[in-house]
Amino acid sequence: ARQKAEALAGNHPGHLIIGSDQVAVLGEQVLGKPQTFERACEQLLACSGQQVCFLTGLALLNSATGQCQVDCIPFTVTLRELSREQVERYVAAEQPLDCAGSFKAEGLGVSLFQSTHGCDATSLIGLPLIRLVDMLTKEGVVIP
């Protein structure tokens, strides 16, 4: 997240730059973006009935001062027991091939969930807005 924000700093002096990045973790295994239909199905079947922890890195860089606030926001999803047919229908319908964990929580992916746990549900879609508001407030941005 910090590297993403810093990569833009040179082209945007005097700005607040937001960087965010996310990984999904099943047990000790980091689940990358699947990139293919088959890999997405494999990931979801491995996650069936399991808890998956999403770690979302967030950075707010003030390119004028060089100050950067950084945090990692965890959010846990427990998936339902899923059949191969359910998984294949889901992946075909939503094509979550560029998504950590192989689903889009803002779409049909929520139908795969049994439960969720965390302090900021927006972190699941890749941008933890509650924590971002805290960071922006610290930079003097008035919200709302």
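Laboratory data are not the source of any read-out in this text; all were calculated from the coordinates shown. Here the structure is a predicted model, which means the values were calculated and not measured. Every residue, glycine as well, gets a Cβ built from its backbone with ideal geometry; the counts of neighbours run over all protein chains shown.
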- Give me the net charge of residue 74's neighbourhood, meaning all other residues with Cβ under 13 Å from the Cβ of residue 74; Lys, Arg count +1, Asp, Glu -1. -1
- Task: Could you list the residues of the range 30-68 with an amide nitrogen less than 18 Å from a label point located 7 Å from the Cα of residue 117 in the Cα-to-C-beta direction?
- Result: 47-56
- How far is helix 37-47 tilted off the main Cα axis of the chain, in degrees rounded to 10, range 0 to 90? 90
- Please work out how much length the chain gains when fully extended from residue 89 to residue 64, using 0.36 nm per residue of separation minus the C-alpha to C-alpha distance, in nm with one decimal. 4.2 nm
- Rounded tilt (10° steps) of 129-138 against the dominant C-alpha axis of the chain: 10
- Show that you can apply the helix-only estimate: for the chain, add -39,500 (n - 2.57) for every DSSP H stretch of four or more residues, divide by all residues, and state [θ] at 222 nm to the nearest 500. -8000 deg cm²/dmol
- Message: With angles folded into 0 to 90 degrees, how steeply does helix 84-94 sit against the dominant principal axis of the chain? Use alpha carbons for both and round to 10.
- Response: 40
- Item | Isotropically averaged projected area of the range 2-138, using the convex hull of Cα atoms (one quarter of hull area), nm² | 8.5
